[in-house]
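No value in this document is a laboratory result; all are computed from the given coordinates. None of these values were measured; they are calculated from a predicted model. Cβ sites come from the backbone with ideal geometry, for glycine too, and all protein chains shown count toward neighbours.
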Amino acid sequence: MVFTHSQTAAQFVLAMLDLPSWPKDCFFAGDRLTLNEFLVRAQQAEGTNFEVHYDSLVSLEVGEVTVTPGLMEWMPKDHCKSFAKIIGVSCLSGGLDLPTEKCRNDVLAHRSYIRVQAMLEA
């Protein structure tokens, strides 16, 4: 799965504008982590262990999802479940892992960008 901070995405767009041309489909990929790797880093940054639930792809596809309490503060529970289902199925199906062949990280090779660990520790 790819995690890219919005400021890093903006840096990428600006860098691409300096190029004479670019392919129709291209992107920049920040950190590539599994959700479990992200979880470990987040727990380390917070200094605590989180309550973790694993929903199977089958459960997600039929709408049986675990919804975080914080998400329900932002929207009604049925919307939360729909949102969690879409994101969960996409994660488990590889939909959030961008293909490396269209990746243009080379345009930012000379620049630093915000990494997951730095974002979690901020």
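Taking Gln11, is it in contact with a Phe, Trp or Tyr (Cβ under 7 Å, 6 or more places away or on another chain), free of Cβ contacts under 8 Å to residues at least 12 places away in the same chain and either surrounded by fewer than 11 Cβ atoms within 10 Å (Cβ to Cβ) or not small (Gly, Ala, Ser) (or both)?
Values: in contact with a Phe, Trp or Tyr (Cβ under 7 Å, 6 or more places away or on another chain): yes; free of Cβ contacts under 8 Å to residues at least 12 places away in the same chain: no; either surrounded by fewer than 11 Cβ atoms within 10 Å (Cβ to Cβ) or not small (Gly, Ala, Ser) (or both): yes.
The answer is no for Gln11.
Residue check, Gln44 against (1) more than 16 Å from Phe3 (Cβ to Cβ); (2) among the polar types (S, T, N, Q); (3) surrounded by 10 or more Cβ atoms within 10 Å (Cβ to Cβ), all met but one. Which one?
Unmet for Gln44, out of (1) more than 16 Å from Phe3 (Cβ to Cβ); (2) among the polar types (S, T, N, Q); (3) surrounded by 10 or more Cβ atoms within 10 Å (Cβ to Cβ): (1).
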